[in-house]
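For reference, the structure discussed in these notes is given below.
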Amino acid sequence: MPVPKLQTKMRLHKGDRVRVLRGKDRGQTGEIIRVIPKEGRVIVDGVNTAKKHQKATRATMQGGIIDKEMPMSASAVALICGDCGPTRVGYRFDEHGTKIRICKKCERDL
């Protein structure tokens, strides 16, 4: 079954601090460790974990049950601004013409 093309332009980047808005982990904060723009999903460190039964192999000598972070929708997280907390992302251009992400609430650079 093909994956539907949702959102190719992501406003979230790897390393951003985000707060979860929906789901079982609502209210938790974490850092984005991977972005999947084709599916419109992100993987947040320590959030939306699932138990995985890992078989012992050469690469991982230890087998057992491990916690694995699973992807979640990018619309279910909000970027955290240093001044005003969770916010939406906007853009502006500086004097050199480079695009800069800004906070929609306080218009501070992110």
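Points to keep in mind about this one:
For every residue, the table says whether it meets (1) assigned to a strand (DSSP E or B); (2) closer than 16 Å to residue 33 by Cβ; (3) under 14 Å from the mean Cα position of the chain (by Cα); (4) touching a residue at least 60 places away in the same chain (Cβ under 8 Å).
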residue: 47; (1), (2), (3), (4): no, yes, yes, no
residue: 51; (1), (2), (3), (4): yes, no, no, no
residue: 57; (1), (2), (3), (4): no, no, no, no
residue: 62; (1), (2), (3), (4): no, no, no, no
residue: 75; (1), (2), (3), (4): no, no, yes, no
residue: 80; (1), (2), (3), (4): yes, yes, yes, yes
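- Among the residues making up the stretch 63-84, those that are surrounded by fewer than 14 Cβ atoms within 10 Å (Cβ to Cβ) and in contact with a strand residue (DSSP E or B) (Cβ under 8 Å, 6 or more places away or on another chain) are 63, 64, 65, 66, 67, 68, 70, 83, 84.
- Scan of the stretch 92-110 for residues that are surrounded by 11 or more Cβ atoms within 10 Å (Cβ to Cβ), of a type outside the set (D, E, K, R) and part of a strand (DSSP E or B), ordered by number: 100, 102, 103
- Among (1) free of Cβ contacts under 8 Å to residues at least 60 places away in the same chain; (2) of a type outside the set (Asp, Glu); (3) farther than 16 Å from residue 9 by Cα; (4) surrounded by 12 or more Cβ atoms within 10 Å (Cβ to Cβ) - the single one residue 35 does not satisfy: (3)
- Members of the stretch 64-73 that are touching a Ser or Thr at 6+ places or on another chain (Cβ under 8 Å) and over 13 Å from residue 32 (Cα atoms): 67, 68
- Residue in the stretch 8-28 that is modelled with pLDDT of 90 or more, outside any loop (DSSP other than H, G, I, E, B) and polar (S, T, N, Q) present: no
The values are calculated or read from the model by the stated rules, or taken from the named source; none is laboratory data. This structure is a prediction, so every number in the text was calculated from the model and none was measured. Positions of Cβ are generated from backbone atoms using ideal geometry, with glycine treated the same way; all protein chains shown enter the neighbour counts.
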